Amino acid sequence: MSRKNIQLTEKLEDYIFRNSVRESPTFRKLREETGTLAQANMQISPEEGQFLHLLAKLSGAKRILEIGTFTGYSSLCFASALPEDGVLLCCDISETWTNIARKYWKETGLEWKIRLKLGSALETLQVLLDSESFPDWASGFAFGPSSVDLVFLDADKESYPDYYRLIMKLLKPGGLLIVDNVLWDGSVADSSHQEPSTIAIRKLNETIYKDDSVDLSMIPSADGISLVRKK
Ligand SMILES: C[S@@+](CC[C@H](N)C(=O)[O-])C[C@H]1O[C@@H](n2cnc3c(N)ncnc32)[C@H](O)[C@@H]1O
């Protein structure tokens, strides 16, 4: 039995890219436009995007919630995996960055499957759980407890533990939560790192590990991805 993961050299990463990534020209254009921003490193990689797309298809998700949209790369990966009657609700605080996303939602013809809610995502999730009337921004997105098939968590790390509490209420039994950056560049395993973001990610990882109501796999790919299935 081996506990080791293969070490990725640049050559091997290049091989993986050339032999597995099927990125459309529009997705690449978005990646290149985002590459000109100072915050470009917040964008997921095309390898991760294709993995998320496959997970969405495998799960058969119709209602997807994305927490942290930025310029839209992951949202394109999810929206393009949705069936005709599927909806993706994107949450972000930045109008500037999501305006770039909007441009690509239009260009790919996926706009009609996507709703955007600007504002604190913690507040948005609370509204989704509590609302008695359907707000305009959620049109077509059935919400309430146990209403969501898949959640992608990729926003402010300090709030990860609070997001988890609300997400578990929103997810259907059998629903999937995908958490990004669970290894936080390795800092989670290095006790000299005591930044609020690292502490919060450690706390979430521990909470999920101890939570008997979910199945879990922590994948050492990209910056660490946890797959969490609500039982
Ligand atoms: C890592 S980026 C998301 C990357 C994106 N998933 C992609 O594929 O390019 C994190 C995003 O979370 C957003 N964000 C930060 N704090 C937030 C909050 N409290 N509520 C909602 N969004 C927030 C930021 O504006 C940023 O766009």
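The values are calculated or read from the model by the stated rules, or taken from the named source; none is laboratory data. These numbers were taken from a predicted model, which means no experiment stands behind them. We place every Cβ from the backbone using ideal geometry, glycine too, and count neighbours over all the protein chains shown. Heads up: the accessible areas ignore ligands, DNA and RNA and are worked out on the full protein's heavy atoms, side chains in. Shrake-Rupley method; radii C 1.70, N 1.55, O 1.52, S 1.80 Å.
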Conditions first: (1) on the phi < 0 side of the Ramachandran plot; (2) open to solvent by 70 Å² or more (accessible area, probe 1.4 Å); (3) not aromatic (Phe, Trp, Tyr). Residue 167 passes all but one, so which condition is the exception? (2)
Determine which single condition residue 116 fails, assuming it passes every other condition in (1) surrounded by fewer than 19 Cβ atoms within 10 Å (Cβ to Cβ); (2) within 14 Å of the ligand (Cβ to nearest atom). (1)
Output the number of residues of region 102-115 satisfying the condition of being within 24 Å of residue 127 (Cα to Cα), in a helix (DSSP H, G or I) and out of contact with any Gly (no Cβ under 7 Å at 6 or more places or on another chain). 3
Kindly indicate the residue of region 74-103 that is crowded, with 23+ Cβ neighbours inside 10 Å and more than 20 Å from residue 139 (Cα to Cα) and also nearest to the ligand (Cβ to nearest atom) among those meeting that condition. 74
The condition of being within 12 Å of the ligand (Cβ to nearest atom), at pLDDT 95 or above and farther than 14 Å from residue 180 by Cα holds, among 37, 54, only for 37
Residue identified as touching a strand residue (DSSP E or B) at 6+ places or on another chain (Cβ under 7 Å) and touching a residue at least 40 places away in the same chain (Cβ under 8 Å) among 216, 166, 170, 129: 170
Which numbered condition residue 208 fails, given (1) open to solvent by 40 Å² or more (accessible area, probe 1.4 Å); (2) under 22 Å from residue 56 (Cβ atoms); (3) of a type in the set (Val, Ile, Thr): (1)
From the residues in region 123-154 that are hydroxyl-bearing (Ser, Thr, Tyr) and over 23 Å from residue 173 (Cβ atoms), which one is surrounded by the fewest Cβ atoms within 10 Å (Cβ to Cβ)? 133
Given the conditions (1) within 16 Å of the ligand (Cβ to nearest atom); (2) open to solvent by less than 70 Å² (accessible area, probe 1.4 Å), and given that residue 230 satisfies all but one, which numbered condition is not satisfied? (1)
Exactly one condition in (1) more than 18 Å from the chain's Cα centre (by Cα); (2) of a type in the set (Asp, Glu); (3) open to solvent by 60 Å² or more (accessible area, probe 1.4 Å) is false for residue 185; which is it? (1)
